[in-house]
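Nothing in this text is a laboratory measurement; each read-out follows from the coordinates by a stated rule. Bear in mind the structure is a predicted one, so any value in this text is a computation, not a measurement. Neighbour counts are summed over all protein chains in view; Cβ atoms, including those assigned to glycine, are modelled from backbone coordinates with ideal geometry.
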Amino acid sequence: MRDQVLWRKTGRIAVLLAERLNIDTERALDLLYNSRTYALLANPESGLQLQSDAYILADLLHELEA
C-alpha cells in the first residue's frame, strides 16, 4: 500500500514539475528521481510523504535552483 501511495505522489509531483519548468514528464521524472528531495520522499522516516504535493514541489524547485 505504501509503495502505491509513493508511486502516485511521485507521478503527481513529476507532472507539476514538468508544467512548472515547461519540460516533458520523462525529464521531470529524471530530475525528481535524482534529487535529494526524492531520497527523503522515499524514506518514510523523513515524514516528507505526509506533506502536500505543492510543498514537496517547492522543496524540489529550491533544491534545483541551488
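Just a few scattered comments:
- Members of segment 21-32 that are exposed (fewer than 13 other Cβ atoms within 10 Å of the Cβ) and assigned to a helix (DSSP H, G or I): Glu26
- Any hit, segment 32-50, residues being among the aromatic types (Phe, Trp, Tyr) and touching a residue at least 24 places away in the same chain (Cβ under 8 Å): yes
- In summary, Arg8 fulfils each of the numbered conditions (1) assigned to a helix (DSSP H, G or I); (2) under 16 Å from Glu65 (Cβ atoms) with the single exception of condition (2).
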